[in-house]
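Report on the following structure.
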Amino acid sequence: MAANLPNIIIAIDGHSSCGKSTVAREIARRLNYIFIDSGAMYRAVTLYCLRNAIIFNGIVDKQKLLTHLDAIKVYFQLNPQNQHNDIWLNGENVEDEIRLLEVSQHVSPVAAVAEVRHLLVSLQHEMGLAKGIVMDGRDIGTVVFPNAELKIFMTARADIRAQRRYDELTAKGEKVSYEEIMANVIERDRYDETREQSPLRKAPDAVVLDTSFMNREEQLEWVLNLVSKI
Ligand code: DC
């Protein structure tokens with residue numbers, strides 16, 4: 001690893017549940033960088049919508065959401081217990097709640113609202129001002145930081161991603177079936193790739209990392225090897 005690595009921006013985009021956040025968090029830890037999970041920001045807005053009856057029968061009431069936008073304060077705060085940057089929503093740590101399947105099932109239409117994206121992207125720009133940041137998401141290398149010094153596009157087979165997510169949620173005690181997780185993975189891929197606003201795309205200069213048959217340590221080594229060449 002370059003001992004004198006300058007402060008850079010590392011953008012990690014890709015499909016849902018392919019291990020982006022885990023790799024991004026660990027890379028940030030090793031480089032002493034800040035890690036920002038941009039998906040957590042979209043999830044927090046979705047949680048707000050679910051709690052405030054802005055989503056009804058799976059449909060987002062866009063007009064109502066727009067009237068609430070100023071009242072939605074999403075930010076990260078260091079958790080001294082585990083040194084993670086936890087996501088907060090209006091004064092409440094929602095790091096655990098945003099991972100519930102109910103939030104995953106409603107986040108795509110919320111993330112497709114242009115005004116939500118403008119709000120969150122401007123917050124992300126502020127977070128990247130000083131560089132020294134690893135941010136993961138769907139549009140980080142294409143829209144948020146098109147000039148990022150390193151861009152990685154992560155993917156993995158849908159069935160393998162669904163199995164990993166199923167293992168994660170059941171380990172936390174959530175009662176879910178593999179079939180509904182698989183359906184959610186496929187639906188989110190479709191929605192994220194075909195939406196009008198900042199669809200999920202590989203940036204032309206991003207390097208592809210397929211994690212289907214790689215464990216976490218191998219993924220990490222692969223990324224650190226790229227970083228060492230900067
Ligand atoms: O990475 P994740 O699965 O926690 O992201 C949750 C959702 O948020 C995902 O379905 C798409 C959306 N998202 C987005 O549109 N843009 C981002 N930069 C990050 C996430």
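Throughout, read-outs are computed from the coordinates displayed, never taken from laboratory work. Because the structure is predicted, anything quoted here is derived from the model rather than measured. Here Cβ is always computed from backbone atoms with ideal geometry, including for glycine, and neighbour counts include all displayed protein chains.
In deg cm²/dmol and to the nearest 500, what is the mean residue ellipticity at 222 nm of the chain if only DSSP H runs of at least 4 residues count, each as -39500 (n - 2.57), divided by the residue total?
-14000 deg cm²/dmol
Would you give the gap between the C-alpha center of region 14-80 and the C-alpha center of region 199-230, rounded to a whole Å?
One Cα centre to the other: 23 Å.
Using the number of other C-beta atoms within 10 angstrom as an exposure proxy, rank 117, 30 with the fewest first.
Listing 117, 30 from fewest to most nearby Cβ atoms yields 30, 117.
Taking 0.36 nm per intervening residue step and subtracting the Cα-Cα distance, what contour gain separates residue 68 from residue 93 on full extension?
Extra length from residue 68 to residue 93 when fully extended: 7.1 nm.
What is region 65-215's relative contact order, in percent, from Cα pairs under 8 angstrom and six or more apart in sequence? Before the final figure, lay out the partial values.
Values: 129 pairs, mean separation 34.6, N = 151.
Contact order relative to length: 23 percent.
Report the FRET efficiency, 1/(1 + (r/R0)^6), for residue 61 and residue 84, where r is their Cβ-Cβ distance and R0 is 22 Å, rounded to 0.05. Intermediate results must be reported in sequence, preceding the final value.
Details: r = 33 Å, r/R0 = 1.48.
Using R0 = 22 Å, I get an efficiency of 0.10.
Less than 10 Å Cβ to Cβ from residue 211, Lys/Arg counted +1 and Asp/Glu -1: what total charge do the surrounding residues give?
Numbers: positive: 20, 157, 161, 164, 216; negative: 210, 218.
Local net charge: +3.
Given points 7 Å out from each Cα along the Cα-Cβ axis, report the residue 214 to residue 130 separation in nanometres with one decimal.
3.0 nm
Does region 120-226 come out rounded, prolate or oblate by the C-alpha gyration tensor, with a ≥ b ≥ c the root eigenvalues, rounded set by a/c under 1.5 and, if not, prolate when a/b is larger than b/c and oblate if not? If you can, show how the numbers build up before the last one.
Values: a/c = 1.85, a/b = 1.46, b/c = 1.27.
Prolate, since a/c reaches 1.5 and a/b exceeds b/c.
Could you calculate the contour length gain from residue 207 to residue 157, that is, 0.36 nm times the residue separation minus the distance between their Cα atoms, to one decimal place in nm? Mind dumping the intermediate values first?
Working: separation 50, 0.36 × 50 = 18.00 nm, distance 1.72 nm.
Taking residue 207 through residue 157 to full extension adds about 16.3 nm, to one decimal.
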